[in-house]
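> One structure is given below, represented as C-alpha cells, and several questions about it will come after.
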Amino acid sequence: MTEPVVRIPDAKVALSTASVYPESTATAFEIAARLGYDGIEVMVWTDPVSQDIEALRRLSDYHGVPVLAIHAPCLLITQRVWSTDPWTKLQRARNAAEKLGASTVVVHPPFRWQRNYARDFVRGIWRMEGETDVKFAVENMYPWRYRDREMLAYAPDWDPTKDDYRHFTVDLSHTSTARSDALHMVDRMGDRLAHIHLADGNGSNKDEHLVPGRGKQPCAELLERLAATGYDGHIVIEVNTRRAMSAAEREADLAEALAFTRLHLASPNRVYGS
C-alpha cells in the first residue's frame, strides 16, 4: 500500500459554548451541528442549561453532537454556580462529565485569595483523578496587568507546568496575554497535554480569544506539530464572537476557525516522514 499524502491525527475538534456568548448554550449545539464540529465543550456558567445535565443530554442527542469536555465554573462571574465551595464545583463537573460521556474536565488554577483551596490544589487534583477515568486538565492562565502594574492572581501559579499535574490544557489566548512562548509551554507539558483551547491573540493585556490566524500566536505551527506527533486529545475552538454584528457573522467566524484548524491539523508525510 502507498503511504497517505497527509497524516491526520485522531484528535476531535470541538466548539466551546463560550464561543457563542452572549448567545445560549443551546445555540452552541445548533451551530456545532450545522458547521460539522466533532463535539462540544460545555462552559458551565450562569446559563441554567449549562448547569443542567439532563438538558445537556437532550441537546446532545437531538443535534447528534457529543459533549467531549466540561469546563468547570472557575470564572469570577461563576463564583456561586454549583456552590461557593471550589471542590464541590469540581465534584459536580466530574459527575456531569461521567454522566454525559465527556472525557475531560477543564479547570483553572485557584485565585490567590482562595488560600485553602490553593494550598491543597495540586494534591487534590491528583486525588480526584484517582477516583475516576475523567481527566482533570489544568489550564494555563496569565498575570493580570493594568498599565505598568502586574498582579499574580493565581496560585500556586498561572503557569501550571511549574507544578506536578497529570494532565494539562494549553490555551493560546492565555499564552498571548501572558506573553509566554506557547510552543515552549507545550514542550514542557509533553505527553501530559490532554486538551487545547485554540484561539489567537496579539499580546494585549486583555484575554482576546481571536479567531485562529488573526493574531500572533503559533496556532498553525502547533496544529502541524500535533498532526506530526499523532495527538489524540481534544482541540477546542474557544473564541470571542461578542463583537459579531449578526448571527451570520458569528457563524462565519466559527466556520473560519474550524476550517483553519482542519487545514493545519494535517502533516504532509514528505516533511515529517512516515
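> Along the charge dipole of region 43-107, Cβ charges K/R +1 and D/E -1, which of G101, A72, S60 sits furthest on the positive end?
With unit charges placed on the Cβ atoms, the residue in question is A72.
> I want the antiparallel fraction of DSSP beta bridges within the chain, as a percent rounded to 5. Intermediate values should be presented prior to the final figure.
Numbers: 7 of 36 bridges.
Taking every DSSP beta bridge within the chain, about 20 percent pair in antiparallel fashion.
> Can you tell me the accessible area per residue over the chain, all protein chains present, probe 1.4 angstrom, in square angstrom? Don't skip to the end; give the middle numbers.
On the way: 12900 Å² over 274 residues.
On a per-residue basis, 47 Å².
> In addition: Given the options T25, T161, T17, state which has the largest fluctuation in a GNM of the chain using a 10 Å cut-off (strictly under) for Cα springs.
Evaluated over the chain, the most mobile residue of the options is T161.
> Work from the charge dipole of region 120-193 (Cβ charges, +1 for Lys and Arg, -1 for Asp and Glu, about the Cα centre) and give the residue of L172, L152, M128 farthest towards its positive end.
Farthest towards the positive pole: L152.
> Counting each DSSP H run of 4 or more residues in the chain as -39500 (n - 2.57), what helix-only mean residue ellipticity at 222 nm follows after dividing by all residues, to the nearest 500 deg cm²/dmol?
On the way: 10 runs with 99 residues, N = 274.
Per the formula, -10500 deg cm²/dmol.
> Follow-up. For G39, which sequence-distant residues (separation of 5 or more, or a different chain) have an amide H within less than 5 Å of its own amide H, given hydrogens modelled in the peptide plane?
HN-HN under 5 Å from G39: L15.
> Could you please put K206, K89, K99 in sequence from largest to smallest accessible area, using a 1.4 Å probe? All intermediate terms of the calculation are to be shown ahead of the outcome.
Values: K206 155, K89 15, K99 110 Å².
If we order K206, K89, K99 from most to least accessible, we get K206, K99, K89.
> What part of the accessible area of the chain, given as a whole %, is carbon or sulfur when the probe is 1.4 angstrom? Intermediate values should be presented prior to the final figure.
Numbers: 6370 of 12900 Å².
C and S fraction of accessible area: 49 percent.
> Apply the Karplus parameterisation 6.51 cos²θ - 1.76 cosθ + 1.60, with θ equal to phi minus 60°, to every residue of region 199-204 and state each ³J(HN,Hα) to the nearest whole Hz, in sequence, with x for glycine and proline.
Karplus-based 3J(HN,Hα) across region 199-204 equals 7, 10, x, 10, x, 5 Hz.
> In debye to the nearest 20, how big a dipole does region 165-231 give about its Cα centre with +1 on each Lys and Arg Cβ and -1 on each Asp and Glu Cβ?
On the way: 8 positive and 9 negative charges, 24 e Å.
In total the dipole reaches around 120 debye.
> While we're looking at this one, here's another question. Could you size up the charge dipole of the chain around its Cα centre, putting +1 on the beta carbon of Lys and Arg and -1 on that of Asp and Glu, and report it in debye to the nearest 20?
Details: 33 positive and 38 negative charges, 119 e Å.
It works out to roughly 560 debye.
The values are calculated or read from the model by the stated rules, or taken from the named source; none is laboratory data. Remember, it's a predicted structure, so these values are computed and weren't measured experimentally. Cβ sites come from the backbone with ideal geometry, for glycine too, and all protein chains shown count toward neighbours. The accessibility values were calculated without ligands, DNA or RNA, using every heavy atom of the protein model including side chains. Shrake-Rupley method; radii C 1.70, N 1.55, O 1.52, S 1.80 Å.
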